[in-house]
Amino acid sequence: MQIAQVCFLKDFSTEVEDKRYSYFTDIEDLDWEDIVVVETRYGVKTAIFMNYIESNEPAAKKASAWIIQRVDISELENKKAKLRKLQDIKSKLLARKAKVEERQIFEIMAKADPIMADLLKEYDSLLLDKLEWEEI
């Protein structure tokens, strides 16, 4: 059993309070700023692990409750990263779909309308000129 010190987050904030609280723990490999679940007089709360202290330090004598467990948020972070990637790919797919649809509509219309066909030919030739300039 060890004594650990934790801090709580300020209400409605990501800032850590300055005051440290002492807790018993049997978790030996906590790292600074690990998120932990602790028991309090108000029920269970999340806190931020700060450090271990020696049992002979004055703050150690204030420990009366336990750290229940460490919170592993790596799976949550992986899910969030995957969701961002999916949203990015979908956005690119929709943009590409719009361009392909536009081109197909122009080609269908060009078959039925000679003016549209002429405009599309002119557009394509100018587009080819632009691409040739970009290659230089």
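We did not get these values from a lab; they are worked out from the coordinates using the rules stated. What you see is a predicted model; the values in this text were computed from it and never measured. All Cβ positions, even for glycine, are placed from backbone atoms using ideal geometry, and neighbour counts span all protein chains on display.
Excluding the sites themselves, what is the longest stretch of the chain that contains no chymotrypsin sites (Phe, Trp or Tyr not before Pro) in a DSSP loop with at most 16 other C-beta atoms within 10 Å? Don't skip to the end; give the middle numbers.
On the way: sites that count: Phe8, Phe12, Trp32, Tyr42.
It runs 43-136.
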Glu77-Ser64 pseudo-label distance in nm [points 7 Å out on the Cα-to-Cβ vector]: 3.6 nm
Where does helix 74-112 land angle-wise versus the long Cα axis of the chain, in degrees 0 to 90, nearest 10? 10 degrees
Förster radius 41 Å - calculated FRET efficiency between Arg84 and Phe24 (Cβ-Cβ, nearest 0.05): 0.55
Find, among the GluC sites (Glu not before Pro) in the stretch 1-58, those assigned to loop by DSSP (not H, G, I, E, B) with at most 15 other beta-carbon atoms within 10 angstrom. Glu15, Glu17, Glu28, Glu33, Glu54
Compute a Gaussian network model of the chain, connecting alpha carbons closer than 10 Å, and tell me which residue from Lys61, Lys90, Lys121 fluctuates the most. Lys121
Total charge dipole magnitude, the chain, about the Cα centre, Cβ charges on Lys, Arg, Asp, Glu only, Debye to nearest 20: 620 debye
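I need the semi-axes of the equivalent ellipsoid of the stretch 76-135: take the C-alpha gyration tensor, multiply each eigenvalue by 5, square-root it, list largest first in whole angstrom. Don't skip to the end; give the middle numbers.
Values: eigenvalues 270, 57, 4 Å².
They are 37, 17, 4 Å, listed largest first.
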Past 24 Å, Cα to Cα, is the threshold; run Lys79/Lys99; Lys19/Lys79; Lys97/Lys121; Lys10/Lys82; Lys45/Lys85; Lys10/Lys62 against it and keep the listed order. Lys79/Lys99; Lys19/Lys79; Lys10/Lys82; Lys45/Lys85
Rh by Kirkwood over Cα pairs, then Stokes-Einstein D for the stretch 4-136 at 0.890 mPa s and 25 °C, µm²/s: 119 µm²/s
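Under the definition of Cα pairs under 8 Å and six or more residues apart, what whole-number percent is the relative contact order of the chain? It would help to have the intermediate numbers written out before the result.
Values: 169 pairs, mean separation 27.0, N = 136.
This gives 20 percent for the chain.
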One-quarter of the Cα convex hull surface for the stretch 2-72, in nm²? 4.6 nm²
Given labels modelled 7 Å from the Cα in the Cβ direction, how far is it in nm from Arg96 to Ala112? 2.9 nm
